[in-house]
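Report on the structure given below.
What follows is calculated from the coordinates using simple rules that are stated; it is not laboratory data. Quantities reported herein were computed from a predicted structural model and do not represent experimental measurements. As a convention, Cβ positions derive from the backbone with ideal geometry for all residues, glycine included, and neighbour counts pool all protein chains shown.
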Amino acid sequence: MNVFEERIRAAADIDALWYGRTPLFEAVMYREREMALRLVSAGADPWRPQMNGWSPGRLNLAGPEPDLFGPAPSAVGLSEQEQAAVLRADRLIDVLADVDLDGMSIACVADISCAEATHRLQGQPVKIDNFNEWLMNPWAAGMTEDEVTDIVGATDVPGGCVVTQWAGYTASAPGVMALLTAGTAGYGMYANPKSGNQGSRFRDGVELDWDLRPGGGQAASDDPRDEILRSYLYLHNAIAYCCDAAGLAPDDPRAFTGLPDVVLRLPALELWPGHC
């Protein structure tokens, strides 16, 4: 018996709120189709507003089965902006769905080029022969752990640029993100092999949120409405989530998987200023 079944059996009120949402909202958020239908059959209201105004049924309108709960009430529907977000998510997920970043880190930064990123990080361009082979085992060329950690790639994409580090957290470290996001915004992520995706949100060089779980569906009831929608749309699609959160729209996965526009060796940077 899973957690949803237990809550159906035990609930005195099938629409009782739990962290600002009902069990039905949780089922919709995590694409538990059959459980959502069971909850509705048990009396759950799909159109009850919660989570900053989102109801389970209205959120479901952005998914692959918008008619799952029958016709929506006349006053309920997605705005033009929300419909555009759905189309954008479909495109980004299609472009990036097969990318695996396990053990890597990325910084998705709006409105700057990789040339500007190079300037902000004071990176020195380096040439790596047989890049694809090096990427498979960067230590094989005789580099030390610190040397590998200090090498990142930067690639221009529509909307800004992506900085990638292939063997650690450097690209998403607060010290790097602060430099990259001066006067703009960005989203960083380290695909930690031990604890999963770890995200952070920056604006104007300041860390706004950290220890986030991009693609994990972990929306909070006080999140902005567009962020709740993003959490739903990009479930299990962390890289596409990061791009959308930063306003990037890559046409292909090269910024994450291929030869970057420039490979940089970073100077000694304070990667974790103000962090324990």
Stokes-Einstein D for segment 85-167, Kirkwood Rh over Cα pairs, 37 °C, 0.692 mPa s (µm²/s): 226
Span-like helix ranges in the chain, DSSP H, alpha carbon extent 20 angstrom or more, Kyte mean at least -1.0: 80-96
Dipole of the chain, positive end: most advanced residue of Cys108, Gly216, Met35 [Cβ charges, Cα centre]: Met35
Reported label for calculated Rg and Dmax of the Cα atoms in Å given (1) 20.9, 66; (2) 20.6, 62; (3) 24.0, 72: (1)
Inter-label distance for Asp98 and Ile128, nm, one decimal - labels placed 7 Å from Cα along Cα-to-Cβ: 2.2
Packing-based order for 162-171, 221-230, using average beta carbon neighbours within 10 Å, highest first: 162-171, 221-230
Residues Leu212, Leu39, Leu259, Leu78 arranged by fewest to most Cβ contacts within 10 Å: Leu259, Leu78, Leu212, Leu39
Cβ-placed point charges (K, R +1; D, E -1), dipole of segment 80-124 about Cα centre in debye, nearest 20: 260
Electrostatic dipole magnitude of the chain [Cβ: Lys, Arg +1; Asp, Glu -1; Cα centre; debye, to 20]: 400
